[in-house]
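Structure record follows, encoded as structure tokens.
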Amino acid sequence: MYLDSKDRRPAMTPKLALRVAIIGGLALAMFAVVFFRLWYLQVLSGDRYLAEANDNQVREVKVPAPRGEIVDRNGQVLVDNRVGLAVKVTPDKLPAEGEARDQLYRRLGDVLGLKPPKIEKGVDEQLEEQPFSAATVEQDVKLPLVQYILEHKEQFPGATVERVFLRSYPHKKIGAHLFGTVGEVTQEQMKDERYRGVALGDRVGQGGVEYTYDRFLRGINGATRLQVDALGTLRGEGAVKEPVQGKQLRLSVDFDVQQVGQQALGDYRGGFVAMDVKNGEVLALGSNPSFDPNQFARVVKPSDFKRLTSEDNGAPLTNRAIQSVYPTGSTFKLITAAAALEEGITTPTETQVDGGSLNVGGQVFQNAGGAAYGTLALPKALQVSSDVFFYRLGQEANSAGDGLAIQRWAERLGFGQETGIDLPGEATGLVPSPEWRNRLYKKELTDRPWSVGDNINLSVGQGDLQADPLQLAVAYATVANGGTVVTPHLAQRVEDSGGRALQEFDPSSQRKVSIDPANRQAIMSGLRAAANAPGGTSTDVFKDFPVDVAGKTGTAERNGQEDQSWYVALAPYPNPRYVVAVTAEEGGFGAETAAPAARRILAALFDLKKEEDKVVEGSSRTR
């Protein structure tokens, strides 16, 4: 057969054939991947993606939950909720960005007293977080303003009014530092694990037990389901999931005692504590001046916050019972006595002669008022509050052993550290030591190193010592109960709305301090004599009190201020159930201000308030 030479083609080479095979195989593999992926999406996962597509047509709008109530140990309501009116803007009716929206913000600002940029920023943040929920412009708006907005709806397009649950503190300033405040969660708080599940705009505890037990009080938000189309346009409402109110919190506080304590301080700045010496339950804890936490139901203005934190106004937001630290004066002698007895520096019966002063290296330390008490043992020294007796103990403690007997026992009894109470912001205070002062001296932060005079001052609660009323209460309770360092606590349990216990609170483990019973008895008898025996520093205050009291006065010197008044009481003697610690800034001698306040608190604890009112009324008529 004849073949034209033009139709002849070279045969495919093996190398080219391999390339074609590889490319074909790759194409086939890619086609298989696409085919099986489509099969997986349409056949195996079709139902799931269909459900997700349907879900994309539904949006949930948050319905805030009311917070749980707070009640005292007797069930009296301390904190509850009230219904308020909030002005909000709805995203579907809000004017488009531009002049119309700016004009809306200006009009709302004029009515509500807010700056338009602040309104815009708040609304934008809320809508970014929850695009389909109404954004709050202002909480707790007064009715006349709400009525004006509703009557002029055409001037406020997109604005609406909703009822909201707001925190209510019916007793206003009474117990404010215990309860604390609530406010909108901040961006920084949103990063904290304790706020997991909280959305921007939710109100959470910002202080006091509102903060500590926020997870119980907060409740569970509800939701309204909204139908939207593919473009996100609202088409209608669906089911509503009702919010669940937070749990009820029962405190160990007795409101009647709390109220008396704050009244007893009068116009003095100061703080007080009433606590069970055996289990650490706090029955009252307060600070003066106080504040009305109802102010925080709405956003607090910077000017109001400045006023509430200004020292010129007494810094009302400061809880002086746990956050302000001072020298304690002679109330610290209990700690010095325990240290000297337990470290073998003295005994309950060893005597000293108090001639009115002590000369140490040319520096003279004197008794208050120039008094001289003669021959004294420790119980008598506590009774009359002999400074010279305790000056000597401080001098001897400075040279005995490692020189840290007083510091060691102050730490064991709870000074220089947090007590562990279930309130935020507790101060630690300071127990001065040679190491502390010498370190400051090396850094040129003080003018001299430690000297024996520092320990002498410490022995009577002066010098650089810094402590608060709660720390003193814990120290006295430890001696009174035989050596258990209790953890002060406020919360007893979480309850349902009917008052049934859901969770009991057991405070953290308690420390034990070994105190010889004979030494304890020497201290306690001295404190009892101080409140009952002739010459006792507070005998005149408690001479007709129907409950046997052991107590100690304190008068602390503070630079540039009048003396600070202190008193710590234990009752009933000899097996105390309660400890009461009171301090009044610039209140003078302990027996003048703090001791009478402590008596009123004790009267409330033992349900003697009516009898006390008669005593106060009678004494006022004789003046």
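The values are calculated or read from the model by the stated rules, or taken from the named source; none is laboratory data. Fair warning: this is a prediction, and the values are worked out from it, not measured in the lab. Here the Cβ positions follow ideal geometry from the backbone for every residue, glycine too, while neighbour counts run over all protein chains shown.
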- Note on the structure: The number of residues in the range 131-170 that are of a type in the set (A, V, I, L, M, F, W, C) and either assigned by TED's automatic domain parsing to the domain that holds residue 259 or touching a helix residue (DSSP H, G or I) at 6+ places or on another chain (Cβ under 9 Å) (or both) is 10
- Message: I'd like the residue in the range 163-188 that is touching a strand residue (DSSP E or B) at 6+ places or on another chain (Cβ under 7 Å) and among the basic types (Lys, Arg) and, out of all such residues, is modelled with the highest pLDDT.
- Response: 167
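Each row is one residue, and each column tells you yes or no for (1) at pLDDT below 95; (2) crowded, with 24+ Cβ neighbours inside 10 Å.
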{"residue": "227", "(1), (2)": "yes, no"}
{"residue": "235", "(1), (2)": "yes, no"}
{"residue": "249", "(1), (2)": "no, yes"}
{"residue": "265", "(1), (2)": "no, yes"}
{"residue": "268", "(1), (2)": "no, no"}
- Count - residues of the range 247-278 that are over 25 Å from residue 507 (Cα atoms) and among the hydrophobic types (A, V, I, L, M, F, W, C): 3
- When restricted to 598, 529, the only residue aliphatic (A, V, I, L, M) and within 17 Å of residue 477 (Cβ to Cβ) is 598
- Query: When you go through (1) modelled with pLDDT under 90; (2) buried (at least 16 other Cβ atoms within 10 Å of the Cβ) one by one for residue 191, which number turns out not to apply?
  - Reply: (2)
- Message: Looking at 514, 525, 538, 565 in this structure, which one is touching a residue at least 24 places away in the same chain (Cβ under 8 Å) and farther than 26 Å from residue 369 by Cβ?
- Response: 514
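Within 28 Å of residue 143 (Cα to Cα), at pLDDT 90 or above, over 32 Å from the mean Cα position of the chain (by Cα) and of a type in the set (D, E, K, R): which single residue out of 67, 106 fits that description? Walk me through how you get there before you give the answer.
Numbers: 67 fails: over 32 Å from the mean Cα position of the chain (by Cα).
Just a single option satisfies the conditions, and that option is 106.
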- Message: So residue 467 ticks every box in (1) within 25 Å of residue 344 (Cβ to Cβ); (2) surrounded by 24 or more Cβ atoms within 10 Å (Cβ to Cβ) but one. Which box is left unticked?
- Response: (1)
- Message: For the range 547-606, give me each residue that is of a type in the set (Lys, Arg) and out of contact with any Leu (no Cβ under 7 Å at 6 or more places or on another chain).
- Response: 558, 577, 599, 600
- Item | Top-ranked residue in the range 194-221 [being more than 16 Å from the chain's Cα centre (by Cα) and on the phi > 0 side of the Ramachandran plot; ranked as modelled with the lowest pLDDT] | 201
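Do any strands (runs of 3 or more DSSP E) entirely within the range 501-605 hold 1 or more residues that are surrounded by fewer than 20 Cβ atoms within 10 Å (Cβ to Cβ) and among the acidic types (Asp, Glu), and if so, which?
501-504
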- Selected residue [closer than 30 Å to residue 181 by Cβ and modelled with pLDDT of 95 or more] from 430, 413: 430
- Query: Scanning the range 252-263 for residues that are among the aliphatic types (A, V, I, L, M) and out of contact with any Asp or Glu (no Cβ under 6 Å at 6 or more places or on another chain), which turns out surrounded by the fewest Cβ atoms within 10 Å (Cβ to Cβ)?
  - Reply: 260
- Can we say residue 99 is acidic (Asp, Glu), surrounded by 14 or more Cβ atoms within 10 Å (Cβ to Cβ) and at pLDDT 85 or above? no
- Selected residue [farther than 30 Å from residue 480 by Cβ, modelled with pLDDT of 95 or more and not small (Gly, Ala, Ser)] from 293, 327, 302, 289: 289
- Task: Among residues belonging to the range 275-328 that are within 15 Å of residue 582 (Cβ to Cβ) and over 15 Å from the mean Cα position of the chain (by Cα), point out the one that is surrounded by the most Cβ atoms within 10 Å (Cβ to Cβ).
- Result: 328
- Any chance you could count how many residues in the range 105-148 are out of contact with any Leu (no Cβ under 7 Å at 6 or more places or on another chain), farther than 29 Å from residue 198 by Cβ and surrounded by 18 or more Cβ atoms within 10 Å (Cβ to Cβ)? 0
